[in-house]
Structures are given as C-alpha cells and as structure tokens.
1. Mind counting the residues in region B:143-154 that are over 19 Å from B:PHE341 (Cα atoms), within 13 Å of chain A (Cβ to nearest Cβ), surrounded by fewer than 22 Cβ atoms within 10 Å (Cβ to Cβ) and of a type outside the set (D, E, K, R)?
2. Quick one: is B:VAL232 over 20 Å from the mean Cα position of the chain (by Cα), away from every other protein chain (no Cβ under 14 Å), surrounded by fewer than 19 Cβ atoms within 10 Å (Cβ to Cβ) and part of a helix (DSSP H, G or I)?
3. If you go through region A:6-41 one residue at a time, how many are under 22 Å from B:LEU227 (Cβ atoms) and within 12 Å of another protein chain (Cβ to nearest Cβ)?
4. For B:ALA191, which of the numbered conditions (1) within 30 Å of B:TRP274 (Cα to Cα); (2) touching a helix residue (DSSP H, G or I) at 6+ places or on another chain (Cβ under 6 Å) fails to hold?
5. Taking region A:15-41 on its own, how many of its residues are crowded, with 20+ Cβ neighbours inside 10 Å and outside any strand (DSSP E or B)?
6. Examine region B:119-142 for a residue that is more than 14 Å from chain A (Cβ to nearest Cβ) and not in a helix (DSSP H, G or I), and state whether such a residue exists.
7. Looking at B:LEU125, B:LEU163, which one is aliphatic (A, V, I, L, M), in contact with a helix residue (DSSP H, G or I) (Cβ under 7 Å, 6 or more places away or on another chain), over 29 Å from B:ARG79 (Cβ atoms) and buried (at least 20 other Cβ atoms within 10 Å of the Cβ)?
8. Show me the helices (runs of 4 or more DSSP H) found entirely inside region B:250-323 where at least 1 residues are basic (Lys, Arg) and either at pLDDT 95 or above or at positive phi (or both).
Amino acid sequence: MVDVRGLLCPMPLVTVRKEIEKNAPASLEVLFDDKGALDNVTRFVTGLGYKTEVVKDGPDYKLVLSK
Amino acid sequence: MKKINWPIVLAGGLVGLAAVVLTALGNPANMGFCIACFLRDIAGATKMHSAAVVQYFRPEIVGLVLGAFIMSVASKEYRAKAGSSPATRFVLGVFVMIGALAFLGCPLRMMLRLAGGDLNALIALFGFAAGIGVGVVCLNKGFSLKRAYDVGKAEGSMLLVALVGLFILSLAVPSLFAFSEKGPGSMRAPALVALLIAVVVGAAAYKTRLCMAGGIRDGIMFKDFRLLFGFVAVFVIALIGNIVMGNFKLGFAGQPVAHSDHVWSFLGMALVGWGSVLLGGCPLRQLILAGAGNGDSAVAVLGMIVGAAFSHNFGLAGAAASADAAGGVGIKGRIAIIVGFVVFAAISALNIQKQEN
C-alpha cells in the first residue's frame, strides 16, 4: 500500500512512479485524498499498461492497480 | 500526437478572455489578471506598504479564492488540510513574490505581457522555465515538504473569510484603506464585475487544476503536457483579444508597466519558477488551493503578501520604464533575488529525503 494522502501535486505521481520503477509490482494499492491526484496517477499508470479500479474509502480513494 | 485536453484549454482560454475584458473595463494594460501585482495592491490597500501608486483592494483575488471554494464545495471535494511545512511555505511565498515583483508580474501576467507583444516577458519565460527545471531536479532527488493532514473546516476557510471580510469592509468603509489616485493601483475594472469574473475563473481554474508552473514541470518530469495546454490557451486567447482590441504592440521598449532589465527579469522569474515547483504550484494555483481548504497554500499566500510589502518597503521591486527613466531592478532588488536563490537552495537541500536502498 502506498499512501499519498496530503501530498500536493506532483508528489503523488512522483511517489507512485518511484514505487513502480523500484519494485515493478504486478499489483499495487494507492491511497489518495485528492481527486485531481487520483486522476493524474490513473492516467499515468494506465499508460504503463496497468488496469485500474477506484474504491471509495470513507473520504479517501483507493486506487487498485493490476497487470 | 498527444490528445488535447479540452476542459483545460477552455479554462486557459477563459482566463485569457477574462484578462482582456478586465483590461478593457479599466485594469492596467497587460494586467487583466496578475496575482503578484494584485496581492501587492492589497498589501498597499491595507497599508502594509506605502507605495502610493499600487494600493487597491483587488476584488479579483477575492473572487478567485471564492470561486475555487464554491466549485470545490459543489464538487464535494472541499477538504480542509494543513501541516505540510507551513513556515517553509511562508518563506517560499515571500521570495516568490520578491522575484515576481522584480520582473513586474507573476507567471500569469508574464503570459499576458507576452500576448500584448512585450518581448521582455519572453526573456522572463526562459527564466521561469529554467527555474522550474531546477525545481524538477530537486523533486527528482527526493524533495518533499511532507504531507498535510485533515484539519477543522474553519482552518481551511481562514484566508477566504479574511479576504471576503476585508473586501466588504473596503466597500463599506473605504476611508480605512489606502487607494491609489494615480498609477496602476488607480486603474480598476468595476469592483463587482471584477469579482464576478474572477469567481468564474477561480471555479474553472479549480476544476481543471490550471497552473502556470505545472505545465512545464509535468512536461519535463512525466512528458505530460495536459496543463501546458491551459498555459498556451491563456496566451493564444489573450493574443487574439489584444489584436482585436488594438492593444498588441510588439517590442521591448515602451511596454506598459514593464522594464527591459533582462538579466534580472530572467533571474527574478527563475526564482518564481523554482519556488512554484517547491510549493506545488504557481501563485494562481496557491490561491485556488487555499480556496479549496488548503491551509498551507493560504500560508504561502500570506507569505506572498508580506513579500510584496517587503518589496516596496525595502525598495526591492523593479521600477517600470518611463519617458524619463529606463527602470529596472536596483541593487537592493538584485541582492534580494540572490538571497532568494540561497534560501531556496538551503530549503531544497534540507528537505530532500534520503532515498531508500
């Protein structure tokens, strides 16, 4: 689980990109509190070939990535 | 060919159009919108500085924050957050403003000046992009001001409440405030029209995350040019508007509220670019984030207001060229910009997180 809540752009995307570059995970969950950051990261990981699913988690969003 | 993101193109175009309209209605030339100039005018109106030509409680600032607030609430995305290195953000805001006022404009006015044919702004654009490049290097090395946390709703609305309250007070009891009788501060679109236009722009800027620094930053970092479309749209629509209105004049000399001190315009805007990346967005974006409940961005805006007061109280701001003088950035302003670079380097170095193996 990667938690990018409370981070301003572009830190959520930087954090997720770093995790993917480092570990190349087949699946990953990312926790957001900002819709804009969620949209940015979703666009980025989709371009890398991940399938995405968004789950509302209280006031936050959980993005589930899988290949 | 990247797919064009039409919402952000429309938002950028709306900003460009609003700027042309506000200028036609009375705002200074190439200054339909200028976050740095308008925060400076507010600092002057509240007597935080005594530069008599730049004092007015600009409704545009109030409208931008209010528009972002309304849109974030309507979108059910309003969320009060704070706690991400607020004191550091304050200092970044101070020096971003000092850099902007050396050049005589924020990144948004830089594009509006360029759209008016002011080629001095092109030099500043190169500086702005260079500063963003330095900021991107910091981000890639692990720079972070750490996360913000949920706070009470009141904390997220402090800047908005203060701005709206002071704006109403400035209309009800204008004698409390200082208002310029000549110079840029005396050139104003009608207050309520300016407020309304800015509310619409603020709402659009919130919804599309329009940011003058974000486009270049994301282009360098991620090859993501979505925000850059908005940046370009501001320029294109303002350019068309200026040509139609007969306000386009290509050249370096004789430009409104501008000077041709190229080295210090470049360096001033490089400071703005670097600081904007460290803050997570340009001055416009800081206002929009503050409206949507971000207390850290509100602190950055307060830093900018104090930076504006410093700029004029200490003689750091650039002087516009006139018939009698070439204008430019004086020795004190140059030293302040250099100090700004040193401070940003220290802030960057101290906030780079060690990479895990």
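1. 2
2. Numbers: over 20 Å from the mean Cα position of the chain (by Cα): no; away from every other protein chain (no Cβ under 14 Å): yes; surrounded by fewer than 19 Cβ atoms within 10 Å (Cβ to Cβ): yes; part of a helix (DSSP H, G or I): yes.
When the stated conditions are applied, B:VAL232 does not pass them.
3. Taking region A:6-41 as the starting set, the residues that turn out to be under 22 Å from B:LEU227 (Cβ atoms) are A:6-18, A:20, A:30, A:32-41.
Filter once more, so that each one left must be within 12 Å of another protein chain (Cβ to nearest Cβ): A:6-18, A:32-41.
Of the residues in region A:6-41, 23 are under 22 Å from B:LEU227 (Cβ atoms) and within 12 Å of another protein chain (Cβ to nearest Cβ).
4. Unmet for B:ALA191, out of (1) within 30 Å of B:TRP274 (Cα to Cα); (2) touching a helix residue (DSSP H, G or I) at 6+ places or on another chain (Cβ under 6 Å): (1).
5. Going through region A:15-41 one residue at a time, the tally reaches 7.
6. So far as region B:119-142 goes, yes, one or more of its residues are more than 14 Å from chain A (Cβ to nearest Cβ) and not in a helix (DSSP H, G or I).
7. Numbers: B:LEU163 fails: over 29 Å from B:ARG79 (Cβ atoms).
That would be B:LEU125, the only listed residue that is aliphatic (A, V, I, L, M), in contact with a helix residue (DSSP H, G or I) (Cβ under 7 Å, 6 or more places away or on another chain), over 29 Å from B:ARG79 (Cβ atoms) and buried (at least 20 other Cβ atoms within 10 Å of the Cβ).
8. Details: elements: B:262-279, B:283-291, B:295-313.
It comes to B:283-291.
The values are calculated or read from the model by the stated rules, or taken from the named source; none is laboratory data. Given the structure is predicted, the values throughout are model-derived calculations rather than measurements. Every residue, glycine as well, gets a Cβ built from its backbone with ideal geometry; the counts of neighbours run over all protein chains shown.
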